[in-house]
Amino acid sequence: MTTATGSHTEQTLEVAGRKLRVLEGGAGAPLVVLHHSTGNPGWVPIFERLAERFRTIVPDLPGYGQSERPEWAREARDIAILVNRLLQRLKLGPITLVGLGFGGFIAAELATMNQQALSGLVLIGAAGLQPNQGEILDQMLIDYHEYVEAGFRDGEAYHRALGDDPVAAFKELWDFSREMTARLAWRPYMFNRRLAPLLGEVDTSTLVIWGEKDDVVPVSCAHQYAAALPNATLEIVAGAGHCVEMEEPERIAQLITTFAGK
């Protein structure tokens, strides 16, 4: 099923017996974006900017948003397996894979499994590694407003990105997403000790982007990813928070475009 919605289309594909929603816009080389643990908020400005240059594909991860839940999935690596199957189903050829927060965790896991599917990897505020300084903010212990606002540099940026009443707009999506995240990434919270040793085998060209003021995933993780991945470049965005792609969509789209266009 495919439907047109403004500047993008929506389709439903089946992977391992579960239906997955996939948003798509633009044309050109394929670029796939994996969303945060708070879910896919829809066709937001960063996707619109990327679609000006790339065939931009944004799935609801299995168990998130309008994608059906794989009841058997119990860790991030399980979701990476399903996303890998989705990429095969889409028959895209080598792609640029962009992971945001928890989506970066999934992207990193996928890169260790099938880097042949990737022409480039972009990790933005990615979870997945145990911080050697600080801790990943635990969304299971705080409420929606506190956790989501912590993703932005300040209250003004939070409201500018999500609107005057973001709680009403995204609370239901957050509740559904948090339940799935608890299944996948609670113990240990938001990292996998088996991931770090495998990253050294990932030769894919990688861009690591982090907000300087990230209060969700410590900036120390940015340096850990950059050190672990053999072909990584690190870009710290001054003054930005965890949701840097929502705070500065033009800047982040330009960084990705320059990287993927090499």
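The values are calculated or read from the model by the stated rules, or taken from the named source; none is laboratory data. Please read these numbers as outputs of a predicted model, since none were measured by experiment. Methodologically, a virtual Cβ is constructed for each residue, glycine included, from the backbone with ideal geometry; neighbour enumeration extends over all protein chains shown.
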(Q) Tell me whether region 121-135 contains one or more residues that are buried (at least 16 other Cβ atoms within 10 Å of the Cβ), out of contact with any Phe, Trp or Tyr (no Cβ under 9 Å at 6 or more places or on another chain) and touching a residue at least 12 places away in the same chain (Cβ under 8 Å). (A) yes
Q: Name, by its number, the condition in (1) part of a loop (DSSP other than H, G, I, E, B); (2) surrounded by fewer than 24 Cβ atoms within 10 Å (Cβ to Cβ); (3) modelled with pLDDT of 90 or more that does not hold for Met180.
A: (1)
Q: State whether the residues of region 49-67 include one that is in a loop (DSSP other than H, G, I, E, B) and aromatic (Phe, Trp, Tyr).
A: yes
Q) more than 23 Å from Ala240 (Cβ to Cβ), assigned to a loop (DSSP other than H, G, I, E, B) and touching a helix residue (DSSP H, G or I) at 6+ places or on another chain (Cβ under 7 Å) - does that describe any residue in region 151-166? A) no
Q: Taking Asn40 as meeting all but one of (1) polar (S, T, N, Q); (2) under 18 Å from Met180 (Cα atoms); (3) over 14 Å from the mean Cα position of the chain (by Cα), write down the number of the exception.
A: (3)
Q: Report whether or not Glu135 is at pLDDT 95 or above, among the charged types (D, E, K, R) and more than 17 Å from the chain's Cα centre (by Cα).
A: yes
Q: Please find, within region 193-218, the residue that is surrounded by the fewest Cβ atoms within 10 Å (Cβ to Cβ) out of those that are free of Cβ contacts under 8 Å to residues at least 60 places away in the same chain and farther than 14 Å from Gly128 by Cβ.
A: Gly200
Q. Among the residues of region 68-92, how many are more than 15 Å from Glu24 (Cβ to Cβ) and assigned to a loop (DSSP other than H, G, I, E, B)?
A. 8
Q: For Leu97, indicate whether it is crowded, with 20+ Cβ neighbours inside 10 Å and either of a type in the set (A, V, I, L, M, F, W, C) or outside any helix (DSSP H, G or I) (or both).
A: yes
Q: Hey, can you tell me all the residues within region 213-246 that are more than 15 Å from Glu156 (Cα to Cα), among the aliphatic types (A, V, I, L, M) and not in a loop (DSSP other than H, G, I, E, B)?
A: Val219, Ala222, Ala226, Ala227, Ala228, Ala232, Leu234, Ile236, Val237
